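Okay, so here's the structure we're looking at.
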Amino acid sequence: MPRIAVIPGDGIGHEVLEQGQRVLAHLSQRDGLDLNFEHLPYGADRYLETGLSITPEEMQGLRDYDAIYLGALGDPRVKSNVHAREILLGMRFELDLYINLRPVKLLDARYCPLKDKEPEDLRFVVFRENTEGLYTGIGGQFKKGTPDEIAIEAEMNSRKGVERIIRAAFAHAKARGLKRVCMSDKSNAMRHGHELWQRVFRQVAAEYPELETKHYYVDVLTMQMVRNPEQFDVIVTNNLFGDIVTDLGAELQGGIGLAASGNLNPESGIAMFEPVHGSAPDIAGQGIANPLAAILSAGMMLSWLGHPALEQELEAAVKHCLNTDQVTRELGGELSGAQVADAVIAQL
Ligand code: ATP
């Protein structure tokens, strides 16, 4: 019986996860998957009540689940956002979820801001390194608040960290029958860390002679993603660049309400799935949040749990909703989040 930790978090995280879970429960019942959901209350409410974001024991307890399903974290009442950092970055770092897998897939051409693009033109995945780079907090401030103040944010690239994300990208391409892997860095300006990326990329690429490889500096990558997205199958890049280019990717596929992601460690078997969007306090509590990113993330989770055909079926159902205008307001529709989930379930 697969055990799934459900962490709705804050804001629209509650709304979109409720809908995602309804879809999962439907499939579980229909196909006898026997999914077992356990709700965990980590988020702003608990933090404000108790001062606790997530305890070390609770973090370790997450290792026991077959998958973690997360909504979003962030609440205007917690100005420092410390609870969100401790829970989300805590999970990524402490559970060593080094692969942030973000598919960029156009399901309906009408939602693409680029002209004359069809779904077959935009279908790639980004492998974002998720545990190092500029997000480790290494650095410091000196003479803070004075005219001489200095702030240093250090980028950390370990051989092990760079190699494992690049290997994961190549392995994914090979396993899925894809042809091309593109690595992106800024090695022309960042001569130490990104030279390591260059070297490791060449080394791993040599083990996959059947795959086509390409390298773009990240500024060029953003231009190419807009100009000629057809050229990409798999993009691998560091934590910061991956964060930025996947938001660009999300817009290309129709907006943040459609962007799904997984945070994975295939070796330890721990995985967390979440929509790319945040807690969106501006629309929280109105029932209008688009649940499709959370539903597509649930699809990725089903694949991880050994049901890749269900991920495809779920994607086809989402595509049907988009094609038939059964969408929420930000996509020009009139449905509530719950009605969109109803439409997905009806299609399943
Ligand atoms: P974070 O700082 O964690 O990224 P945020 O709330 O500032 O969080 P997002 O939630 O990612 O930013 O998105 C920005 C805006 O996009 C939101 O304020 C909201 O208006 C819109 N948005 C995000 N997600 C959705 C969604 N699922 N459905 C509809 N609109 C959304």
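Derivation of every value follows stated rules applied to the coordinates shown; laboratory data play no part. Keep in mind it's a predicted model, so treat the numbers as computed, not measured. Every residue, glycine among them, receives a Cβ derived from its backbone with ideal geometry; neighbour counts consider all protein chains shown.
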Regarding the range 277-348, what are the three Cα extents along the principal axes, ordered largest first, in Å? 36, 26, 15
Between residue 220 and residue 309, what length in nm is gained on full extension when 0.36 nm per residue of separation is reduced by their alpha carbon distance? 28.5 nm
Determine the percent antiparallel among the DSSP beta bridges restricted to the chain, to the nearest 5. 45 percent
Taking Cα pairs under 8 Å and at least six residues apart, what relative contact order does the range 289-340 come out at, in percent? 37 percent
Added length on full extension, which subtracts the Cα-Cα distance from 0.36 nm per residue, residue 96 to residue 29: 20.9 nm
Taking amide H atoms as placed 1.01 Å from N in the peptide plane, list the residues 5 or more away in sequence, or in a different chain, whose amide H sits under 5 Å from that of residue 236. 127, 182, 183, 184
How big is the Cα convex hull of the range 133-220 in projection, averaged over all directions, in nm²? 7.2 nm²
In vacuo Debye scattering of the chain, one point per C-alpha: log10 I(q)/I(0) at q = 0.15 Å⁻¹? -1.37
Name the aspartates and glutamates eligible as straight-distance cross-link partners of residue 79: C-alpha to C-alpha under 20 Å, and not fewer than 8 places from it in the same chain. 10, 45, 49, 282
Net charge contributed by nearby residues that have their C-beta within less than 10 Å of residue 336 (K/R +1, D/E -1): -2
If I stretch the segment between residue 37 and residue 282 completely, what's the gain in nm (0.36 nm per residue apart, minus their alpha carbon distance), one decimal? 85.4 nm
Tell me, what ³J(HN,Hα) does each residue in the range 204-209 have, in order and in whole Hz, if you take phi through Karplus 6.51 cos²θ - 1.76 cosθ + 1.60 with θ = phi - 60° and put x for Gly and Pro? 5, 4, 4, 7, 10, x
Cβ charges +1 (Lys, Arg) and -1 (Asp, Glu), total dipole of the range 1-132, debye: 420 debye
Taking the chain and counting helices only, DSSP H stretches of n ≥ 4 at -39,500 (n - 2.57) each over all residues, the nearest-500 ellipticity at 222 nm comes to -12000 deg cm²/dmol
Whole-angstrom gap from the range 283-348 to the range 142-172, using each part's C-alpha centre: 35 Å
Per residue of the range 49-55, what does 6.51 cos²θ - 1.76 cosθ + 1.60 with θ = phi - 60° give for ³J(HN,Hα)? Whole Hz please, x for Gly and Pro, Karplus curve as stated. 6, 10, x, 9, 8, 8, 7
Calculate one ³J(HN,Hα) per residue across the range 120-127 by plugging θ = phi - 60° into the Karplus curve 6.51 cos²θ - 1.76 cosθ + 1.60, and present them in order as whole Hz with x for glycine and proline. 6, 7, 10, 8, 9, 10, 10, 9
Name the long-range amide H neighbours of residue 136: under 5 Å, sequence gap of 5 or more, or other chain; modelled H, no Pro or chain starts. 156
